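Data block below; observations after.
Nothing in this text is a laboratory measurement; each read-out follows from the coordinates by a stated rule. Bear in mind that the values here come from a model prediction, so they are computed numbers and not experimental data. Backbone-built Cβ (ideal geometry, glycine too); neighbour counts: all protein chains shown.
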Amino acid sequence: MTLLKMIAPALILSLLSACSGSNNSGPDKRSAALTQFTNTADLTTVVISTSAGDIEIALDSARAPETVKNFLSYVDNGFYSGTIFHRVIKDFMIQGGGFTTDYEKKVNQPAVKNEADNGLRNEKYTIAMARTAAPHSATSQFFINTKNNGFLNHSSKSTQGWGYAVFGIVTSGKDIVDQINTVSTGPDGPFQSDAPQKQVVIKSVTRKL
């Protein structure tokens with residue numbers, strides 16, 4: 001397990017409940033999330049081709065250089081082909097990039113430095129790195145926020161405060177993210193809950209030319 005490999009399901013629900021007032025109040029901020037990034041026209045774009053459809057993501061290497069470099073190394077060697085979104089928690093996040101359709105855990109490269117202190121926020125449709133409880137343990141797994149998750153942001157350089165490093169944002173295919181967000185979930189593979197009952201397969205992740 002990861003990202004939330006590090007947060008127990010009960011704690012996730014507790015955190016979501018505690019944050020529901022601040023994250024759900026006021027107008028929808030899905031377009032406002034773009035304002036925290038460099039001009040998206042200047043960013044590297046990748047296409048996550050899934051069994052549900054394509055998702056395009058602009059990666060901000062200016063704000064998260066090590067994270068983007070790490071992610072693109074997996075992209076360029078075809079690592080993500082045949083993996084799945086193995087964890088979906090509705091109106092929280094969708095997570096993938098670590099397990100095959102047979103729930104075999106893929107062999108990762110060394111962990112990357114946590115760049116969650118880059119000022120980018122875990123807002124709806126942003127992509128961030130999943131990790132264990134150790135702040136600098138992210139490898140290949142990533143998640144896409146499906147709501148504004150402020151409690152995942154960096155607050156201090158401590159074990160509890162490091163947060164989760166945002167490194168890009170969905171620029172096309174938000175409807176696909178929304179579709180994955182609502183799939184039926186339950187136990188499967190090594191997971192006791194939150195696994196899509198009909199697998200969402202990542203066919204490939206490639207740079208958009």
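Observations
- Under-5 Å amide H pairs with THR45, H placed in peptide plane, nonlocal only: LEU59, LYS208
- Separation of the GLN192 and THR159 label points, Cα + 7 Å toward Cβ, nm: 2.2 nm
- Lysines with Cα under 20 Å of LYS69, excluding same-chain neighbours fewer than 8 positions away: LYS106, LYS113, LYS208
- Pair-distance distribution of segment 67-122: all C-alpha pairs, bin width 5 Å, starting at 0; shares per bin in whole percent are 4, 16, 21, 22, 23, 12, 2, 0.
- Between SER137 and THR132, the built amide H atoms are under 5 Å apart, and every one of these is 5 or more places off in sequence or on another chain.
- Model label sites at LEU209 and GLU104, defined 7 Å from Cα along the beta-carbon direction, differ in position by 3.0 nm.
- Average projection area in nm² (convex hull over Cα atoms of segment 131-209, one quarter of hull surface): 7.0 nm²
- A Stokes-Einstein calculation at 25 °C with viscosity 0.890 mPa s, built on the Kirkwood radius of segment 30-207 over Cα pairs, returns a diffusion coefficient of 154 µm²/s.
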